[in-house]
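The values are calculated or read from the model by the stated rules, or taken from the named source; none is laboratory data. Keep in mind it's a predicted model, so treat the numbers as computed, not measured. Here Cβ is always computed from backbone atoms with ideal geometry, including for glycine, and neighbour counts include all displayed protein chains. These accessible areas exclude ligands, DNA and RNA; they are computed on the full protein's heavy atoms, side chains included. Shrake-Rupley method; radii C 1.70, N 1.55, O 1.52, S 1.80 Å.
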Amino acid sequence: MWMGFAGYLATMAWAPRLGRRVVWGAIVVLVVAFACVPPLLSHDVYSYVDYARLGALHGIDPYLRGPAAAPGDPAFVQVTWPHTTSAYGPLFTLATYPLAALPVAAGVYVLKAASAAAVLGIAAIVARLAPLRGIDPLRAAAFVALNPLVLVHVVGGPHNDALAVLLTTLGVAGVLSAREAAGGAWLVAAIAIKASSAFAAPFALLGSANHCSTGLKRPNNGRFRPVGRLLLGAAGAAGVIGTAAYLGFGWHWLDAIGLAGENQGHTSHLSIPTALARISGLGKSAGRTGALLLYAALIAYLLAWTYRGGDWLRAAAWAGTGLLLATSWLLPWYLLWPLPLAAISRDRPLKLLLIVLTAYQLGARIPL
């Protein structure tokens with residue numbers, strides 16, 4: 001992990017001199033390599049497959065009952081949380097149902113391939129947007145795709161965060177390119193994959209209302225204002241996804257939002273609030289409460305700053321990073337959440353903070 005981190009820093013530093021062929025060659029080779037190895041350091045992918053098989057093969061709503069409802073299923077033996085219902089969005093759950101027709105191992109590698117393709121897609125979008133923001137595209141792509149936590153955990157894991165972040169990045173690209181309706185739809189779809197993606201949406205909304213805040217010239221397409229187009233796209237996507245979710249799960253899929261929120265009741269050893277509580281001698285509850293209050297204050301400040309004309313993309317990147325710092329349940333693959341936004345944020349301190357946080361998480365989840 002530390003050797004990979006050193007290579008990550010070196011590639012970002014020398015990316016313009018290394019050239020497009022070398023940097024993109026390294027990105028593609030490493031992402032594909034980690035997609036080909038067996039699942040690394042997590043069995044979450046087996047839960048994804050098991051939830052799909054529960055619904056598609058056993059007729060069991062994965063938002064009502066956990067994998068233990070079908071202990072004879074071949075995916076069950078690899079599941080880490082047998083009694084936990086799905087905490088993932090309905091779009092992801094429905095999209096995985098076809099995997100039930102495949103052997104478990106095949107389903108796992110389909111998800112690994114999807115995560116790898118999503119990471120490559122994120123890197124390509126970031127590289128496309130970077131010049132518009134005055135940023136070197138090779139550095140921006142390497143900042144996301146060559147991060148060792150992304151390679152090992154997001155692709156190697158794999159984890160569905162890659163799909164959620166890809167949709168978020170598409171949403172950001174839509175807003176930046178004056179395709180607000182598509183941007184709003186992509187942002188809603190990202191939330192329907194994983195609720196944690198919601199941190200970017202309010203800033204995109206404010207950015208559409210104040211379309212000069214990104215520093216880009218954006219034409220006024222259509223008869224609706226940018227914020228109206230974004231809301232229309234978001235409403236359309238929410239209607240379609242919500243209808244499909246209701247037909248598939250009733251209203252039970254809404255329980256996933258509460259279940260995701262319950263993770264704040266847990267702690268991971270290397271989360272920042274837990275580490276600070278351990279060092280200071282404060283209780284974990286006090287550390288968790290203090291971190292959430294500080295995060296709420298940060299969000300309020302960022303929203304006010306964006307409303308006054310601040311760069312909404314930079315604010316959204318800080319919001320995502322602040323979420324990582326505030327959560328008591330920090331897992332290494334969560335580092336992907338703000339990386340694409342930070343890569344094109346034009347905020348050097350933010351990028352340095354994420355590099356430091358990456359180094360801090362390098363040893364996470366590795367058995368001793």
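How about region 3-38: which of its residues are among the aromatic types (F, W, Y), open to solvent by 30 Å² or more (accessible area, probe 1.4 Å), under 23 Å from the mean Cα position of the chain (by Cα) and within 16 Å of F143 (Cα to Cα)?
Within region 3-38, just W24 meets the criteria.
So which pairs qualify, if the first residue must be in region 302-314 and free of Cβ contacts under 8 Å to residues at least 60 places away in the same chain, the second must be open to solvent by 10 Å² or more (accessible area, probe 1.4 Å), the Cβ gap must be under 8 Å, and the two must be at least 6 apart or on different chains?
Note: pairs meeting the criteria are R314/R346.
Starting from region 269-284, take each residue that is in contact (Cβ under 8 Å) with a residue 40 or more places away in the chain and list its partners that are open to solvent by less than 40 Å² (accessible area, probe 1.4 Å) and not in a helix (DSSP H, G or I), counting only C-beta distances under 6 angstrom and pairs at least six apart or across chains.
Matching pairs, first to second residue: L270/A364; S271/S328; S271/L330; P273/S328; T274/S328.
Going by what's in this entry, would S115 be described as touching a residue at least 24 places away in the same chain (Cβ under 8 Å), open to solvent by less than 10 Å² (accessible area, probe 1.4 Å), hydroxyl-bearing (S, T, Y) and in a loop (DSSP other than H, G, I, E, B)?
no
How many of the residues in region 118-137 are open to solvent by 40 Å² or more (accessible area, probe 1.4 Å) and in contact (Cβ under 8 Å) with a residue 24 or more places away in the chain?
Qualifying residue count, region 118-137: 5.
Hey, can you tell me all the residues within region 181-212 that are open to solvent by less than 10 Å² (accessible area, probe 1.4 Å) and at pLDDT below 95?
Selection gives G207, S208.
Filter region 39-62 down to the residues that are under 19 Å from I257 (Cβ atoms) and within 21 Å of the chain's Cα centre (by Cα), then identify the one that is surrounded by the fewest Cβ atoms within 10 Å (Cβ to Cβ).
D44
Farther than 29 Å from V175 by Cα, out of contact with any Asp or Glu (no Cβ under 7 Å at 6 or more places or on another chain) and among the hydroxyl-bearing types (S, T, Y): which single residue out of T358, T289 fits that description?
Just a single option satisfies the conditions, and that option is T289.
Within region 266-311, can you find the residues that are basic (K, R) and open to solvent by less than 60 Å² (accessible area, probe 1.4 Å)?
Matches in region 266-311: R288 only.
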